[in-house]
Amino acid sequence: MRKFLDFLIERRHWTLLLLLLSFSGVLMFYNTPYRRAVFVGSANTVVGRISSAVGSISSHMNLKETNQVLAVRNGILEKQVIDLQSQLNRQQVPHHVDSMEISPYRFVMAKVVRNSVSQANNYITIDKGTRDGITAGMGVISPEGVVGIVSNVSARFAVVLPILNPRHRLSCRLAGTSFFGSLVWDGRSIRHARLEELPRHMQVRKGDTVITSGFSAIFPSGIIVGTINDHHPHYDNNFYAAEVALSVNFSGLSDVHVIINSLNIEQSDIEQEAQLW
């Protein structure tokens, strides 16, 4: 305290000047309504800008949590759509009385930690593995549509073989029809693939929706894949090959859902037994 008083005494002229300036400012503020209004308005502007900046920073910090909540909601909605589609398919089958059967599908949310779109054989790595119930052969989708199939799994990660890989073949059909074909990627564009082996007599129109056929235990029927962009006769002139504009933007992929089918093992086992005959 003694040193502080000595400091003020040594600089008493500057201290007195600051006190007089402060006192003068207070008098001007209280005795002049215009200056007081300007000061209050400026102070409110500064406070408002600071509050806005703080709000923006808080919103940005909460963005990750918000995205996770939205991903959960998307997963719930996707499962509801699949359940409703399954019930609709069962009701369309004559004499099927068990129309309220519980859907065998459930979802596991995952984050994309690595993604390639410019290679000849692209792949995707996600942050979920065997400890989360993921196994090879499971389907992977996003809120936009079909992504691919799990090919390799470790405890904490899994590698997905996406549509953008020539080794991937996906059974698809045109919405509203029973005609189906195989979707393959020719490596020319990350936004397009080819739907091959379509019967020549069927009517294919630009804009028709392409969905999963449901002819495997990997993907339920009715998940969107894309839309017809163009079509032309296949090489042997007996089938159509249609160019499909993919619904998933693979270059911006971040959140996916792995489909777990509780009946997958049972269906795969009985199909393998049938192939032995």
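Quick look at the numbers
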{"read-out": "Residue match in the range 261-275 (condition: modelled with pLDDT of 80 or more and either in the same structural domain as Ile126 (by TED's automatic domain parsing) or not hydrophobic (A, V, I, L, M, F, W, C) (or both))", "value": "yes"}
{"read-out": "Which numbered condition Gly137 fails, given (1) within 22 Å of Val204 (Cβ to Cβ); (2) touching a strand residue (DSSP E or B) at 6+ places or on another chain (Cβ under 8 Å); (3) assigned to a loop (DSSP other than H, G, I, E, B)", "value": "(1)"}
{"read-out": "Test: residue in the range 134-151 that is without any contact (Cβ under 8 Å) to a residue 40 or more places away in the chain, surrounded by 14 or more Cβ atoms within 10 Å (Cβ to Cβ) and closer than 23 Å to Ala241 by Cα", "value": "yes"}
{"read-out": "In the range 96-125, residue modelled with the lowest pLDDT [restricted to those that are closer than 23 Å to Ser171 by Cβ and assigned to a strand (DSSP E or B)]", "value": "Tyr105"}
{"read-out": "Residues located in the range 181-203, provided they are surrounded by fewer than 20 Cβ atoms within 10 Å (Cβ to Cβ) and farther than 16 Å from Leu246 by Cβ", "value": "Glu197, Pro199, Arg200, His201, Met202, Gln203"}
{"read-out": "Candidate set: the range 154-176, residues that are β-branched (Val, Ile, Thr) and crowded, with 22+ Cβ neighbours inside 10 Å; chosen: the one nearest to Ala120 (Cα to Cα)", "value": "Ile163"}
{"read-out": "Pick from the range 151-199, criterion out of contact with any Phe, Trp or Tyr (no Cβ under 6 Å at 6 or more places or on another chain) and of a type in the set (Asp, Glu), ranking: nearest to Ile228 (Cα to Cα)", "value": "Glu196"}
{"read-out": "Arg194 vs. criteria among the charged types (D, E, K, R), under 21 Å from the mean Cα position of the chain (by Cα) and assigned by TED's automatic domain parsing to the domain that holds Asp230", "value": "no"}
{"read-out": "Residue pairs meeting the criteria (Cβ under 9 Å; at least 6 apart or on separate chains; first at pLDDT below 70, in the range 5-23; second surrounded by 10 or more Cβ atoms within 10 Å (Cβ to Cβ))", "value": "Leu8/Thr15"}
{"read-out": "Selection from the range 233-253 of residues that are modelled with pLDDT under 90 and in a loop (DSSP other than H, G, I, E, B)", "value": "His234, Tyr235, Asp236, Asn237, Asn238"}
{"read-out": "Those strands (runs of 3 or more DSSP E) lying entirely in the range 164-206 with at least 2 residues under 22 Å from Val140 (Cα atoms) and touching a helix residue (DSSP H, G or I) at 6+ places or on another chain (Cβ under 8 Å)", "value": "none"}
{"read-out": "Residues of the range 197-232 satisfying the condition of being modelled with pLDDT under 90 and of a type in the set (D, E, K, R)", "value": "Glu197, Arg200, Arg205, Lys206, Asp230"}
{"read-out": "Residue match in the range 223-232 (condition: outside any loop (DSSP other than H, G, I, E, B) and exposed (fewer than 12 other Cβ atoms within 10 Å of the Cβ))", "value": "yes"}
{"read-out": "Qualifying positions in the range 179-196 - closer than 18 Å to Phe219 by Cβ and among the small types (Gly, Ala, Ser)", "value": "Gly181, Ser182, Ala193"}
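The values are calculated or read from the model by the stated rules, or taken from the named source; none is laboratory data. Computed from a prediction, not measured in an experiment: that's the story for all the values here. All Cβ positions, even for glycine, are placed from backbone atoms using ideal geometry, and neighbour counts span all protein chains on display.
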